[in-house]
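Here the structure comes first, spelled out in structure tokens, and everything after it is commentary.
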Amino acid sequence: MMRNKALAAPFVLWAMIFIVVPLVMIVWYGVTIEEPIPYTEIVQPDGSVIYQLEDGSRTTEKPWQKRAVFSLNNFRRMLEPTYLRLLLRSLKVAVITTAICLLLGYPVALILTGRDFKRPALWLLLLILPMWMNFLLRTYSWMSILENSGILNSWIARLREAIPALDEWLLSMGVRRRIIFLYNENAVILGMVYNYLSFMIMPIYTVIEKIDKSLLEAAADLGASPVKSFLRVTLPYSLPGVLEGITMVFVPAVTTFVISQLMGGGKVPLIGDIIQNQFGKSSDWHFGATLSLLVMVVVLAFMGALGRIDKDDEPHKEVRIL
Amino acid sequence: MNWKKNLRKAYIGLIMAFLYAPIVMLILYSFNNSKSRAQWGGFTLRWYHELFTDEAIMGALGTTLSIGFLAAAISTVLGTFGAIALFQMKRRPRQAMLSVVNLPMLNSEVVTGVSLMLLFAMAHIQLGYVTLLLSHVAFCVPYVVLSVMPKLRQLDPNLAEAAQDLGATPMQGFLRVILPDIMPGVFSGFVMALTMSIDDFVVSFFTTGSGVSNLSITIYTMAKRGISPKINALSTLIFACVFILLIGVNLQDLRRDPRKGKVEKVRIPY
């Protein structure tokens, strides 16, 4: 019989190296900063300078190495208003995105599980299919629809030419001929709703679909109006799906850095953009790690608030199958 | 009642329009005989011809596919054995390990990407193809474990014992008895891993280097200067393949299903 440990050991080792150690690295980088290694200059009798390091070793070249030392400076920096404002904006955008996704997505799941569509699963598949096109491309495609000389604006222009009264009314309302859709917070939210909407629809659909239809029939038989049976049966039973959907939308929304760059044109930086910058242009890995820690804490706090941690282990008997 | 039904259908129609609008645009642009997005220069297949001679795009496609299939294969093996190992653990360690395995899914992609990048930096491994592959395996394994676990729970525990009582070695028992039973979970884990890997941008962004780039990264680099219509052509081809494949598979299921055209399950690798 294969030993249990022989099977578990490689997997546990793998999980340690690729899940635990990387997270420990983030913590380590987050609580340290880099500083030049300390040395003392010693002037020799012949006028040349040698450098003595702390461990007593000497070199003739000026030490250039840096070392990591423990410091909470980056935490202090993180709490500066600039970064707090970015975090708040990220949270705001993510909350709005999640709310819109829920408002748009719940009815979709509800309608598809109803009696209107003969092949609900196929319709669901059609709703999910766009996700197979690279999300950067889809977002980029939105830009070409929304840009100043884009399709939407040219359609609006044509409509206004055709109906002068509408044009005059809109002008009097202060709506310009070329509406600027892109490069603001609303554009970023649109991009996020577009990319994450199916994350909301899927879990809600799965849960509503599993609701025992006889419960609804019973509610109707007992005289409940459709609205009441929705409120008393469908809604409570669908809550787990709603929570799952909220998580699946909120977490990527609060941390994205691509959608904000494309749809926001760099004018609406979010916390994810700043993290990305720390590992690219400004290259301060330590501060980047501190910000990553912040994001991690925010996400975990959010999940904790929704009660979504440690829920996957259903009880089962301990059995040996290998 | 009828107007209500129409209203509901119209709503689904609107959502579909919202979801498909940029895709339709993309497909149109792939046939546009003009480099600019702003104007329509007539119908052309030029981008489809040029696509196959573009070394950068073809290279990126090759990287995406090879990383995708390799990462999916490795993480399916690792995740399946991992799930079995987890399944056989005692309650406490199992729960601890499950929380660890779930971490990458709880965490945002940015955090996963950054943490893996720091790991490679610490180990002095130069970023490139290998680190990209390792990272993709790292974020795919949890999804495989997640899809294999439920199948293990449904398994009849007596089967494995029976196999061994009848003289099967553990390996034979695994291959002949366990694996066929959990195969649907293993397969959906593989497909999920493949999908995640092919679609990934964020983790790849942090963990690749030395000129190795997959499609997502190529598109990201292009997006700042303007995306070549060749990429649109490629995406149209990929989308068409996926579309035909999935619709085909599901329509076949529909036809086979004896229950009056109403199908409970649809094969969506998500």
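Residue-by-condition table, conditions (1) without any contact (Cβ under 8 Å) to a residue 12 or more places away in the chain; (2) away from every other protein chain (no Cβ under 14 Å); (3) under 24 Å from B:Val137 (Cβ atoms):
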position: B:Lys35; (1), (2), (3): no, no, no
position: B:Gln39; (1), (2), (3): yes, no, no
position: B:Gly42; (1), (2), (3): yes, yes, no
position: B:Ala83; (1), (2), (3): no, no, yes
position: B:Ala96; (1), (2), (3): yes, no, yes
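I need the full set of residues from the range B:149-180 which are surrounded by fewer than 18 Cβ atoms within 10 Å (Cβ to Cβ), assigned to a helix (DSSP H, G or I) and either under 20 Å from the mean Cα position of the chain (by Cα) or of a type in the set (Asp, Glu) (or both), in order please.
Once the filter is applied, which keeps residues that are surrounded by fewer than 18 Cβ atoms within 10 Å (Cβ to Cβ), assigned to a helix (DSSP H, G or I) and either under 20 Å from the mean Cα position of the chain (by Cα) or of a type in the set (Asp, Glu) (or both), the range B:149-180 yields B:Pro150, B:Glu161, B:Asp165.
Restricting to the range B:25-42, give me the number of residues that are exposed (fewer than 12 other Cβ atoms within 10 Å of the Cβ) and either at positive phi or modelled with pLDDT of 90 or more (or both).
Summing the residues that are exposed (fewer than 12 other Cβ atoms within 10 Å of the Cβ) and either at positive phi or modelled with pLDDT of 90 or more (or both) in the range B:25-42 gives 1.
Quick check: anything in the range A:268-290 within 29 Å of A:Pro107 (Cα to Cα), assigned to a helix (DSSP H, G or I) and within 13 Å of chain B (Cβ to nearest Cβ)?
No; the residues of the range A:268-290 include none that is within 29 Å of A:Pro107 (Cα to Cα), assigned to a helix (DSSP H, G or I) and within 13 Å of chain B (Cβ to nearest Cβ).
Exactly one of these conditions fails for B:Ala56: (1) more than 7 Å from chain A (Cβ to nearest Cβ); (2) at pLDDT 90 or above. Give me its number.
Result: B:Ala56 fails condition (2) only.
Based on this model, can you work out whether B:Ser213 counts as closer than 24 Å to B:Met117 by Cβ and not in a helix (DSSP H, G or I)? Steps first, please.
Working: closer than 24 Å to B:Met117 by Cβ: yes; not in a helix (DSSP H, G or I): yes.
In short, yes.
Quick one: A:Glu34 ticks every box in (1) in contact with a Lys or Arg (Cβ under 8 Å, 6 or more places away or on another chain); (2) farther than 30 Å from A:Ala289 by Cα except a single one, so which number is it?
Here A:Glu34 meets the rest and fails (2).
Is at least one residue of the range A:257-278 buried (at least 18 other Cβ atoms within 10 Å of the Cβ), closer than 30 Å to A:Glu35 by Cβ and modelled with pLDDT under 90?
Within the range A:257-278, one or more residues are buried (at least 18 other Cβ atoms within 10 Å of the Cβ), closer than 30 Å to A:Glu35 by Cβ and modelled with pLDDT under 90.
Restricting the search to the range B:102-120, which residues are at the interface with another protein chain (Cβ under 7 Å from one of its Cβ atoms), under 30 Å from B:Ile178 (Cβ atoms) and either under 15 Å from the mean Cα position of the chain (by Cα) or modelled with pLDDT of 90 or more (or both)?
Residues satisfying the conditions do not exist here.
Within the range B:191-210, take every residue that is in a loop (DSSP other than H, G, I, E, B) and polar (S, T, N, Q) and give me the one that is surrounded by the fewest Cβ atoms within 10 Å (Cβ to Cβ).
Top of the filtered list is B:Ser210.
Do we find that B:Ala123 is at the interface with chain A (Cβ under 7 Å from one of its Cβ atoms) and farther than 24 Å from A:Thr247 by Cα in this structure?
Against the criterion (at the interface with chain A (Cβ under 7 Å from one of its Cβ atoms) and farther than 24 Å from A:Thr247 by Cα), B:Ala123 does not qualify.
For (1) at pLDDT 85 or above; (2) surrounded by fewer than 19 Cβ atoms within 10 Å (Cβ to Cβ), each residue gets a yes or a no:
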position: A:Ala94; (1), (2): yes, no
position: A:Ala99; (1), (2): yes, yes
position: A:Arg119; (1), (2): no, yes
position: A:Trp132; (1), (2): no, no
position: A:Tyr140; (1), (2): yes, no
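Is there a residue being hydroxyl-bearing (Ser, Thr, Tyr), at the interface with chain B (Cβ under 10 Å from one of its Cβ atoms) and surrounded by fewer than 18 Cβ atoms within 10 Å (Cβ to Cβ) anywhere in the range A:158-178?
Checked the range A:158-178: no residue is hydroxyl-bearing (Ser, Thr, Tyr), at the interface with chain B (Cβ under 10 Å from one of its Cβ atoms) and surrounded by fewer than 18 Cβ atoms within 10 Å (Cβ to Cβ).
The values are calculated or read from the model by the stated rules, or taken from the named source; none is laboratory data. Treat the numbers as computed from the prediction; the structure is a model and nothing was measured. For neighbour counting, all protein chains shown are included, and Cβ atoms are generated from backbone atoms with ideal geometry for every residue, glycine included.
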